[in-house]
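Encoded as structure tokens, the structure appears first; notes follow it.
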Protein chains: 2
Amino acid sequence: MAAERTETVKVALGERGYDILIGHGLLARAGAEIAARLPGVRAAIVTDENVAPRHLPALIASLEAAGIAATPIVLPAGEKTKSFAFLQEAVDKILAARLERGDVVIAAGGGVIGDLAGFAAGIVRRGMNFVQVPTSLLAQVDSSVGGKTGINTAHGKNLVGVFQQPRLVLADTDVLDTLSEREFRAGYAEVAKYGLIDRPEFFAFLERNWREVFAGGPARVAAIAESCRAKAEVVARDEFETGDRALLNLGHTFGHALEAATGYDGSRLVHGEGVAIGMALAHRFSARMNLASPDDAARVEAHLVAVGLPWRVSDIPGELPDAERLLGYIAQDKKVSRGALTFILTRGIGRCFIARDVPASEVLSFLREHLGG
Amino acid sequence: MAAERTETVKVALGERGYDILIGHGLLARAGAEIAARLPGVRAAIVTDENVAPRHLPALIASLEAAGIAATPIVLPAGEKTKSFAFLQEAVDKILAARLERGDVVIAAGGGVIGDLAGFAAGIVRRGMNFVQVPTSLLAQVDSSVGGKTGINTAHGKNLVGVFQQPRLVLADTDVLDTLSEREFRAGYAEVAKYGLIDRPEFFAFLERNWREVFAGGPARVAAIAESCRAKAEVVARDEFETGDRALLNLGHTFGHALEAATGYDGSRLVHGEGVAIGMALAHRFSARMNLASPDDAARVEAHLVAVGLPWRVSDIPGELPDAERLLGYIAQDKKVSRGALTFILTRGIGRCFIARDVPASEVLSFLREHLGG
Ligand SMILES: NC(=O)c1ccc[n+]([C@@H]2O[C@H](COP(=O)([O-])OP(=O)(O)OC[C@H]3O[C@@H](n4cnc5c(N)ncnc54)[C@H](O)[C@@H]3O)[C@@H](O)[C@H]2O)c1
Ligand SMILES: NC(=O)c1ccc[n+]([C@@H]2O[C@H](COP(=O)([O-])OP(=O)(O)OC[C@H]3O[C@@H](n4cnc5c(N)ncnc54)[C@H](O)[C@@H]3O)[C@@H](O)[C@H]2O)c1
Ligand SMILES: [Zn+2]
Ligand SMILES: [Zn+2]
């Protein structure tokens, strides 16, 4: 039975709390699960041009079988969709469908669609119901959980948005079979991240079982569920990101700098790949600062190599930034204050911490060595 | 001493609670009041082209004296500014000023600026600090209190926004001296509304003292403070407008229909004028339904006439809608469900209640009589 293999993760946020369901065949059960929690609603489904032909008919059929009338809103795929222009388009179409505050906006797509649709749901009529049906691995383990939504502006990524918790997250692990290998792998970097932050046993599990995670066996459901649990715990401790939630940025300071340095050109580097390199660098830098053993850095690097993720800056195709330029991008990032940088560093596998006083000079020498070698 | 005449109204919303200060000379004290509550912040001031020449220099000087660097963002005046285009402009300029989540957006203007700036503050970096410096009477007694923010779309007014409570409201009653007589009078309709909803003594106070409210004597501060107290109490009971807050819509169902019927042409009818006519109609209709005495309706009408506000549909210049068309606009309003309309009706002065089952047919006959006579 499909239902037997469904895992449920609870996000403990009091009256804003919700369930994440992870397993096979959840798309077909979406209508029933939503109707059980939000009786009598009508729906708008926000999705993108890659996901729509593959999964939209099944989702609509499932909603209609549960008596939920649904209006699809299909947007272009890709990061550029996270803009004011498409936010306005989504908002206008939700309003044109005459949905009320008690109705529901469903995001069916990757993190781009989830972030945009969640933002729209948060502002139409000052807040509608919102349900996430994440279809990329990254969205299932990261962006669909925790309520951060938003769009990009000329001033930077994700600078505009709201906290809008979903009422339900439905992570159908089968829909990942239509995801490209590269996107799957990029999402996997965030899965490994949870192990590295504070779950050493989970990291060891991934070292043993990553092939089955990629192939779609029981380890896939287990790994996604454990990732959701990890994220849900951090979110429950720090819903509005004023403290602990920063741990989730492991690998992201270096990663964002690399994304910026490659001009956000997805053909060269996608987000998860930047995170993979960033995590390797964070471990190597921690070893160099005598915080952790170099063996741990080597173990992280070996795992990234095994799954086929890049792990050093030179793995990025095309012309590479030098150490000075990379540090410039890091310093532009928000995590800077008076010459000292905030980084997520580690004392070993699964022992990360927030380091608020990392001297920029140390980072620069490290990057020089790393890029030279 | 100016400070002696400042009244403080507390909005009891727990950790989102805040003070409303009402009195003379508050613009000059703005910097000190903000710095005391938000030490170390930088500011963006959103304002409009009417308010900027009159009051912006004083506000900036006051902030600078308190060590708060401020970037002004001056937008066109008028309802059209409450749009996606100007929201994006405000957001971009706040980001261009490099403000962080802990910095503050200050709205210095009428309800248009307050609604737009509050929305911007609610979404830049997923929520910045927000302070209201309302400069119209309507904004001081209504829109700046309660945290509703938003913009208009082609589908209707205020359909997109967030709940974003300010950290402080500074209502300087002197800035109202530069407001046009007509705008002041329109705002006064909302002041009278609080008396009619549930404060019969306040309504009687206004009958005796309205001249001093208009002229700027002590009764002005008292009337604005009492209005803020009235609104703050309703908001504290029902922050997210799921129940009681609907009482604040007294006069607004008829009023909105009249605004729509006159094509939102401010030269014919501004919001507060529509509310004035709407309140008179609500009282007259309540009398017709044998809920209240006709004497109460007459008393409301007499007060509106005294202050120079319109009180019947025929007071609107230009071609008038007939009863059927008005009912059509009312039915388009969100407060409709299956032939029955939701209205705020009354059992007498200060005895309003939410009537959820008003037959559309009764409203139609009432409007026919009213427009015929
Ligand atoms: N809100 C958060 O907390 C959070 C956290 C992390 C990342 N993000 C955001 O998430 C975004 C990245 O998410 P993403 O990697 O999912 O990007 P994405 O949404 O662009 O999806 C990646 C690609 O995969 C396609 N796709 C998705 N599901 C598919 C499927 N089942 N079959 C075939 N193709 C499919 C998409 O069309 C797209 O081309 C970024 O904008 C990032 O800022 C948000
Ligand atoms: N958020 C809420 O809870 C709420 C409640 C009621 C109304 N509103 C909104 O408020 C808006 C109406 O507010 P409003 O009547 O203040 O409109 P407004 O902001 O357009 O101001 C009216 C006019 O007065 C001018 N003005 C303002 N202060 C002035 C001053 N001190 N001196 C000279 N001119 C001045 C403005 O430039 C404008 O031309 C509407 O958009 C309405 O939807 C919101
Ligand atoms: Zn990430
Ligand atoms: Zn009003």
(Q) Criterion first (surrounded by 17 or more Cβ atoms within 10 Å (Cβ to Cβ) and not β-branched (Val, Ile, Thr)) does B:Phe240 satisfy it? (A) no
Q. Do the conditions hold for A:Thr149, that is, is it among the β-branched types (Val, Ile, Thr) and within 14 Å of chain B (Cβ to nearest Cβ)?
A. yes
Q) Given (1) assigned by TED's automatic domain parsing to the domain that holds B:Asp296; (2) open to solvent by less than 40 Å² (accessible area, probe 1.4 Å); (3) among the aromatic types (Phe, Trp, Tyr), where does B:Phe205 come up short, assuming only one miss? A) (2)
Q.
Between A:Val213, A:Val234, which is away from ligand 4 (no atom under 16 Å from the Cβ) and either at pLDDT 95 or above or within 14 Å of chain B (Cβ to nearest Cβ) (or both)?
A. A:Val213
Q.
A:Ala35 - would you say it is in contact (Cβ under 8 Å) with a residue 12 or more places away in the chain and buried (at least 22 other Cβ atoms within 10 Å of the Cβ)?
A. no
Q. Open to solvent by 30 Å² or more (accessible area, probe 1.4 Å), away from ligand 2 (no atom under 16 Å from the Cβ) and free of Cβ contacts under 8 Å to residues at least 12 places away in the same chain - does that describe any residue in the range A:63-70?
A. no
Q | Members of the range A:96-123 that are open to solvent by less than 10 Å² (accessible area, probe 1.4 Å), part of a helix (DSSP H, G or I) and hydrophobic (A, V, I, L, M, F, W, C) | A | A:Ile113, A:Leu116, A:Ala117, A:Phe119, A:Ala120, A:Ala121, A:Ile123
(Q) Suppose we filter the range A:124-157 for residues that are touching a residue at least 60 places away in the same chain (Cβ under 8 Å), over 25 Å from A:Arg29 (Cα atoms), open to solvent by less than 10 Å² (accessible area, probe 1.4 Å) and in a strand (DSSP E or B); how many remain? (A) 1
Q. Picking from A:Ala186, A:Ala225, which residue would you name as being in contact (Cβ under 8 Å) with a residue 60 or more places away in the chain, crowded, with 22+ Cβ neighbours inside 10 Å, within 16 Å of ligand 3 (Cβ to nearest atom) and assigned to a helix (DSSP H, G or I)?
A. A:Ala186
Q: Check whether at least one residue in the range B:80-95 is in contact with a Phe, Trp or Tyr (Cβ under 9 Å, 6 or more places away or on another chain), away from chain A (no Cβ under 14 Å) and either of a type outside the set (Phe, Trp, Tyr) or part of a helix (DSSP H, G or I) (or both), and report yes or no.
A: yes
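Pick out, from the range A:267-373, the helices (runs of 4 or more DSSP H) lying fully within it that include 2 or more residues that are modelled with pLDDT under 90.
Once the helices (runs of 4 or more DSSP H) in the range A:267-373 are filtered for at least 2 residues that are modelled with pLDDT under 90, what remains is A:323-332, A:360-372.
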Q: Report yes if some residue within the range B:258-268 is away from chain A (no Cβ under 14 Å) and within 12 Å of ligand 4 (Cβ to nearest atom); otherwise report no.
A: yes
(Q) Against the condition open to solvent by 10 Å² or more (accessible area, probe 1.4 Å) and either without any contact (Cβ under 8 Å) to a residue 24 or more places away in the chain or among the charged types (D, E, K, R) (or both), how does A:Arg268 come out, does it pass? (A) yes
Q: Would you mention how many residues in the range A:158-167 are open to solvent by 30 Å² or more (accessible area, probe 1.4 Å) and facing another protein chain (nearest Cβ under 7 Å)?
A: 1
Q) Can you spot a residue in the range A:169-181 that is within 15 Å of ligand 3 (Cβ to nearest atom), open to solvent by less than 20 Å² (accessible area, probe 1.4 Å) and touching a Lys or Arg at 6+ places or on another chain (Cβ under 7 Å)? A) no
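The values are calculated or read from the model by the stated rules, or taken from the named source; none is laboratory data. Keep in mind the model is a prediction, meaning the values are calculated, not measured. Note that each Cβ is placed from the backbone with ideal geometry, even for glycine, and that neighbours are counted across all protein chains shown. Please note that ligands, DNA and RNA were not included when accessible areas were found on the heavy atoms of the full protein model with its side chains. Shrake-Rupley method; radii C 1.70, N 1.55, O 1.52, S 1.80 Å.
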